[in-house]
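The next block holds one structure in the form of structure tokens; read it before the comments.
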Amino acid sequence: MPRVLVTRPEPGASRTARRLQETGIQPIVLPLTETVALPADPGFVTGDASAVAITSANAVRHASSEVIAALASLPCHAVGAKTAEAARKRGFSSVIEGSGDAEALADSIAAAFPGKAITYLCGRVRFPVFEQRLEAAGVRVRAVETYDTLPVPYSDGTILAQLSGQPVDAVLLYSAKAAAAMQALTKRPALHQAFEKARFLALSARIAAAFDDGAGKAIRIAARPDEEALLALLEGLP
């Protein structure tokens, strides 16, 4: 049975693990990052905003009830299906679901709200292109950071125990921060054999770039930045 390391934070890690088990793959859950809520002033989030943008489900999950209440009546533009589902669960009444691509979402918002302001629920650690693309198009972006992403430290012994002392066949990388942490783990002498023959599978080229250090590790990139495409890369594992 193939052994696959799941590095994403909870609760997503457990959901992915269940999906892998259903397909006959043995998941090993080792979150390399964790998300923590940040305080946000609900009086700041609305202002003259015409809409809300969300590119991460964590951004809406970690938002306080007061922040959600201040924004829930505005149209909410979500990057993809999972983010849209999270927004609906938190009480947004009008959710527009994107294709899963943040730059495409920025383009559609720019076309719909030229010269207007939007509130962007987001994490402290994020890729700047989404905001840059909107601002270049004349849309004013009010970024409201609702969560932070922090590394989870592990000793060699803890990781080897989680791996049951056996090597893994593949590693799933969902974020640039986790990819950088995974790269550091592969360099630890005690963990060399555990990851020596593993395939490294990245959700996007940006994430792959955060992992790749020219060390010759095999890394493949999902055809689309979603989990379906990432898990498709597992086909053909021994």
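The values are calculated or read from the model by the stated rules, or taken from the named source; none is laboratory data. Given the structure is predicted, the values throughout are model-derived calculations rather than measurements. Don't worry about glycine lacking a Cβ; one is built from the backbone with ideal geometry, like all the others, and counts go over all protein chains shown. Surface accessibility is based on the protein's heavy atoms, side chains included, excluding ligands, DNA and RNA. Shrake-Rupley method; radii C 1.70, N 1.55, O 1.52, S 1.80 Å.
Starting from the range 118-135, keep only residues that are hydrophobic (A, V, I, L, M, F, W, C), then list their pairs with residues that are assigned to a loop (DSSP other than H, G, I, E, B) and open to solvent by 10 Å² or more (accessible area, probe 1.4 Å) whose Cβ atoms are within a distance under 6 Å, requiring at least 6 positions of separation or different chains.
From residues that are hydrophobic (A, V, I, L, M, F, W, C), the pairs are PHE130/THR55.
Among the listed residues ASP169, ASP226, which satisfies the condition of being touching a Gly at 6+ places or on another chain (Cβ under 6 Å) and of a type in the set (D, E, K, R)? Break it down into steps so the answer makes sense when it comes.
Working: ASP169 fails: touching a Gly at 6+ places or on another chain (Cβ under 6 Å).
Checking each option against the conditions leaves just ASP226.
Quick one: is GLU103 under 20 Å from the mean Cα position of the chain (by Cα) and not polar (S, T, N, Q)? It would help to see each step written out before you state the result.
Numbers: under 20 Å from the mean Cα position of the chain (by Cα): yes; not polar (S, T, N, Q): yes.
Criteria met by GLU103.
Looking at the range 1-18 only, could you name the residues that are over 15 Å from SER175 (Cα atoms) and surrounded by 15 or more Cβ atoms within 10 Å (Cβ to Cβ)?
PRO2, ARG3, VAL4, ALA17
Mind checking which residues of the range 206-231 are at pLDDT below 95, part of a helix (DSSP H, G or I) and surrounded by 13 or more Cβ atoms within 10 Å (Cβ to Cβ)?
ARG206, ILE207, ALA208, ALA209, ALA210, PHE211, GLU227, ALA229
Among (1) more than 28 Å from GLU235 (Cβ to Cβ); (2) free of Cβ contacts under 8 Å to residues at least 60 places away in the same chain, which single condition is THR149 missing?
(2)
Can you confirm whether ALA181 is more than 30 Å from ALA40 (Cα to Cα) and not acidic (Asp, Glu)?
no
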